[in-house]
Amino acid sequence: MRQLAVELRTRRMTLADLPGVMEIEKEAFTNPWSLEMVKKELTQEWSTVLLLEESTPWGWELRAFAIFWIVADEVHVLNVATHVASRQKGYGRKVMDEVIAIGRGRKCTIATLEVRRGNVPAITLYSRLGFRTVGMRPRYYADNQEDAVIMNMDL
Ligand SMILES: CC(C)(COP(=O)(O)OP(=O)(O)OC[C@H]1O[C@@H](n2cnc3c(N)ncnc32)[C@H](O)[C@@H]1OP(=O)(O)O)[C@@H](O)C(=O)NCCC(=O)NCCS
């Protein structure tokens with residue numbers, strides 16, 4: 001894993017962060033979440049939208065985010081994305097490390113997620129973190145009939 005020699009911080013998203021999050025979301029996915037969907041997450045007490053920001057001479061800049069739910073003792077990761085200009089520099093790993101740390105802090109015992117079978121960057125990221133494939137949902141994604149890989153990690 002590459003080391004980020006920069007100053008980073010994580011914090012929870014607020015309404016003011018919507019434009020930045022939507023910019024990353026739209027570039028990252030063929031079927032991005034709508035603004036309303038992201039906004040709704042801010043109102044649900046089981047949901048967290050976690051931002052990873054980097055200190056620059058111009059202030060803190062958003063590099064990546066993760067959306068996850070904590071339900072009972074499970075962390076459900078719903079969405080992770082890194083700004084397209086900042087990929088493969090360790091930001092995705094960093095924001096997911098924090099998701100896992102928060103889950104552990106909340107006494108969760110497992111983290112779970114679904115990912116498109118062909119999404120090599122995401123599957124590599126999750127595997128490196130310690131997630132393991134535990135199942136498959138055939139033709140789960142309606143847009144292209146792609147299978148979903150279910151990945152879990154004991155916390
Ligand atoms: C998946 C995603 C979040 C990864 O973010 P990132 O910031 O580029 O990831 P990192 O730099 O932290 O890399 C994490 C690991 O994944 C690997 N990885 C990242 N991109 C990769 C790629 N394109 N091909 C192969 N491996 C890749 C890295 O090498 C690294 O492994 P290492 O720790 O052994 O070095 C990013 O590619 C993205 O935003 N994709 C579009 C949105 C998406 O598909 N999200 C997941 C939905 S389930």
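The values are calculated or read from the model by the stated rules, or taken from the named source; none is laboratory data. Given the structure is predicted, the values throughout are model-derived calculations rather than measurements. Neighbour counts are summed over all protein chains in view; Cβ atoms, including those assigned to glycine, are modelled from backbone coordinates with ideal geometry. SASA here: full protein model, heavy atoms, side chains in, ligands and nucleic acids out. Shrake-Rupley method; radii C 1.70, N 1.55, O 1.52, S 1.80 Å.
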Next on the checklist: Report the Cα-based extents of the chain along its three principal axes, largest first, to the nearest Å.
Outcome noted: 46, 34, 33
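For a quick check of your reading of the filter: which GluC sites (Glu not before Pro) in segment 1-87 sit in a DSSP loop and have no more than 11 other Cβ atoms within 10 Å? Working shown, then result.
Details: sites: E7, E23, E25, E27, E36, E41, E45, E53, E54, E61, E74; in loops: E7, E45.
Sites meeting the loop and neighbour criteria: E7, E45.
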Item to check | FRET E, pair M22, V120, Förster distance 30 Å, beta-carbon r, rounded to 0.05 | outcome: 0.75
Checklist entry - For F29, F131, what's the largest-to-smallest order of accessible area, 1.4 Å probe? => result F29, F131
Next on the checklist: Among DSSP bridges having both ends in segment 8-154, what percentage is antiparallel? Round to the nearest 5.
Outcome noted: 90 percent
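Relative contact order for the chain: what percent, with Cα pairs under 8 Å and sequence separation of 6 or more?
The value is 18 percent.
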Checklist outcome for this item: Counting only protein heavy atoms and rolling a 1.4 Å probe, one gets per residue an accessible area for the chain in Å² of 57 Å²
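Tell me, what % of the accessible area of segment 8-154 is carbon and sulfur with a 1.4 angstrom probe? Walk me through the numbers on the way to the answer.
Working: 4160 of 8010 Å².
Whole-percent figure for carbon plus sulfur exposure: 52.
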Checklist entry - How many angstrom lie between the C-alpha centres of segment 81-155 and segment 1-72? => result 15 Å
Checklist entry - Which one of A111, A28, A16 has the biggest mean-square fluctuation once the chain is modelled by GNM with Cα springs under 10 Å? => result A16
Checklist entry - In segment 1-74, which trypsin sites (Lys or Arg not before Pro) are in a loop and have at most 11 other Cβ atoms within 10 Å, using DSSP for the loop call? => result R2
